[in-house]
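Input: a single structure, listed below in structure tokens.
The values are calculated or read from the model by the stated rules, or taken from the named source; none is laboratory data. What you see is a predicted model, and the numbers here were worked out from it, not measured in a lab. So basically every Cβ, Gly included, is an ideal-geometry build from the backbone, and we count neighbours across all protein chains shown.
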Amino acid sequence: MTFEELGYNKAVNALINFNEPDYELGRVIIEHRDRYSVQTPNNTFQAEITGGLRYTAESKSDLPAVGDWVKLSVFDDKSAVIHEIFPRFSILERQAVGKFGEKQIIATNVDVAFIMQAVGHDFNLNRLERYLTVCTASSIKPIIVLSKIDLIGREEINQLTKSIKARIKDILVYPISNQTLSGYEKLKKTIISGNTYCILGSSGVGKSSLTNNLLQKQKMDVNSVSESTSKGKHTTSHRELIVLPEGGVLVDTPGMRELGITGGSEGIEHTFGKISILAKNCSFNDCKHMEEPGCAVLEALESGELDQASYENYHKLKREQAHFSSTIAERRAKDKKQGKLYKRIQEEKRKRR
Ligand SMILES: Nc1nc2c(ncn2[C@@H]2O[C@H](COP(=O)(O)OP(=O)(O)OP(=O)(O)O)[C@@H](O)[C@H]2O)c(=O)[nH]1
Ligand SMILES: [Mg+2]
Ligand SMILES: [Zn+2]
């Protein structure tokens with residue numbers, strides 16, 4: 001295997017200048033409870049992190065994640081220690097489930113995300129906009145994959161594709177079937193050596209089925225129970241980075257029930273490009289498009305030029321993002337205050353000595 005086959009491309013090279021004879025460069029392919037599987041061109045290592053790395057980590061984001069390029073010292077042909085995590089050119093992250101104001105990394109150094117939705121009851125435009133927002137906020141190119149098209153007719157497939165394009169500008173949509181392999185040739189053309197792809201989507205849409213088909217091996221477990229009885233059951237329980245035989249690196253992920261928005265508002269502005277463009281014609285620069293006079297967004301809504309559901313989703317994601325940012329700010333302020341208090345106590349102790 002070469003570094004390129006492992007996903008080392010221009011974007012990575014711009015951030016890493018690795019030239020240390022005593023160490024090896026590797027990529028984290030699986031995150032276990034207390035260790036990591038790290039792949040190098042010649043070997044797969046089970047690696048722990050140095051104590052230093054563990055103690056200086058201020059949050060989980062400072063620890064290795066699937067997709068990271070790391071500096072390794074090797075013990076034997078199986079075990080190694082991670083000394084350093086190299087800067088990431090992209091971080092795919094969401095709000096940690098049940099922990100407001102905390103982030104959870106899904107994968108790093110990802111070039112393209114396949115946002116997968118199955119035709120039928122999984123299909124949901126609001127959720128597509130949410131996934132797109134998360135991807136564009138992380139500078140990851142999103143591609144929509146519509147799966148299970150063997151279950152519907154051609155006409156219906158065209159309708160779904162049309163409804164996506166009507167709401168979301170400049171987006172690639174690939175309808176596929178993991179069963180008949182219809183649409184595979186087109187999708188495969190987007191996968192190129194040196195790039196890393198991540199498959200995102202709800203449980204049961206066919207992420208692992210796609211992974212196995214591209215890998216030409218039954219590596220990932222696929223749900224074998226009929227859909228009606230397997231509701232809410234997740235088949236894939238961990239993220240794994242997989243090197244494809246025909247080039248490209250793929251990260252299969254467990255189905256996600258929630259994809260909480262983090263980060264800034266650029267992702268939202270980009271996803272809702274239509275609103276951003278309209279907003280330029282609002283009377284007020286800081287128009288919130290709620291009830292202001294001379295609001296071009298509200299006018300477009302009135303005339304039917306802008307979709308009502310998309311407008312409502314825009315505000316929903318905006319509120320969520322603002323809430324997340326303020327929680328982060330509060331947390332930082334609290335940490336800072338506690339830090340100051342701690343310092344003062346230490347100083348007073350010293351004086352008393
Ligand atoms: N008819 C049809 N069924 C499919 C297709 N793709 C996957 N399935 C079936 O859907 C079920 C779920 O597929 P998986 O590949 O396990 O789905 P997943 O997205 O990996 O699910 P999680 O790992 O739980 O997130 C399995 O029974 C598959 O056989 C498809 O294109 N058409
Ligand atoms: Mg799976
Ligand atoms: Zn406005």
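One table, with the values for the structure above:
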{"quantity": "Residues satisfying the stated conditions in the stretch 132-162, i.e. touching a Leu at 6+ places or on another chain (Cβ under 8 Å), part of a helix (DSSP H, G or I) and either modelled with pLDDT of 95 or more or within 16 Å of ligand 1 (Cβ to nearest atom) (or both)", "calculated": "I157, L160, T161"}
{"quantity": "Condition check for G183: on the phi > 0 side of the Ramachandran plot and crowded, with 21+ Cβ neighbours inside 10 Å", "calculated": "no"}
{"quantity": "Matching residues in the stretch 105-134 - criterion: being among the acidic types (D, E) and under 17 Å from T271 (Cα atoms)", "calculated": "E129"}
{"quantity": "Residue ID - modelled with the lowest pLDDT, chosen from residues in the stretch 1-55 that are assigned to a loop (DSSP other than H, G, I, E, B) and of a type in the set (K, R)", "calculated": "R33"}
{"quantity": "Filter result for V205 (among the aliphatic types (A, V, I, L, M), buried (at least 19 other Cβ atoms within 10 Å of the Cβ) and assigned to a helix (DSSP H, G or I))", "calculated": "no"}
{"quantity": "Scope the stretch 300-313; condition assigned to a helix (DSSP H, G or I), free of Cβ contacts under 8 Å to residues at least 60 places away in the same chain and either surrounded by 15 or more Cβ atoms within 10 Å (Cβ to Cβ) or within 16 Å of ligand 1 (Cβ to nearest atom) (or both); matching residues", "calculated": "A300, L301, Y311"}
{"quantity": "Test: residue in the stretch 172-190 that is part of a loop (DSSP other than H, G, I, E, B), under 21 Å from L128 (Cβ atoms) and within 16 Å of ligand 2 (Cβ to nearest atom)", "calculated": "yes"}
{"quantity": "Pairs, first within 9 Å of ligand 3 (Cβ to nearest atom) in the stretch 270-293, second small (G, A, S), C-beta under 6 Å, six or more apart", "calculated": "L278/A296; L278/A300; N281/A296; C282/A296; S283/G294"}
{"quantity": "Given (1) on the phi < 0 side of the Ramachandran plot; (2) more than 8 Å from ligand 3 (Cβ to nearest atom), index of the condition G263 fails", "calculated": "(1)"}
{"quantity": "Residue identified as under 20 Å from the mean Cα position of the chain (by Cα) and either hydroxyl-bearing (S, T, Y) or not in a helix (DSSP H, G or I) (or both) among E320, E292, E269, E258", "calculated": "E258"}
{"quantity": "Number of positions in the stretch 100-119 that are among the acidic types (D, E) and in a strand (DSSP E or B)", "calculated": "0"}
{"quantity": "Qualifying residue in the stretch 316-324 (condition: within 14 Å of ligand 3 (Cβ to nearest atom) and at negative phi)", "calculated": "yes"}
{"quantity": "Where a residue in the stretch 315-339 is in the same structural domain as E102 (by TED's automatic domain parsing) and its partner, wherever it lies, is among the aliphatic types (A, V, I, L, M), with Cβ under 7 Å and at least six apart", "calculated": "none"}
{"quantity": "Cβ-Cβ under 8 Å pairs, at least 6 apart or on other chains, the stretch 166-180 side modelled with pLDDT of 95 or more, far side surrounded by fewer than 17 Cβ atoms within 10 Å (Cβ to Cβ) and among the polar types (S, T, N, Q)", "calculated": "L172/T190; V173/T161; Y174/T190; P175/T161; P175/S182; I176/S182"}
{"quantity": "Index of the failed condition, D122 passing every other in (1) within 16 Å of ligand 2 (Cβ to nearest atom); (2) crowded, with 21+ Cβ neighbours inside 10 Å", "calculated": "(2)"}
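Each row is one residue, and each column tells you yes or no for (1) in contact with a Leu (Cβ under 8 Å, 6 or more places away or on another chain); (2) surrounded by 19 or more Cβ atoms within 10 Å (Cβ to Cβ).
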{"residue": "V38", "(1), (2)": "yes, yes"}
{"residue": "N42", "(1), (2)": "no, no"}
{"residue": "A57", "(1), (2)": "yes, no"}
{"residue": "I105", "(1), (2)": "yes, yes"}
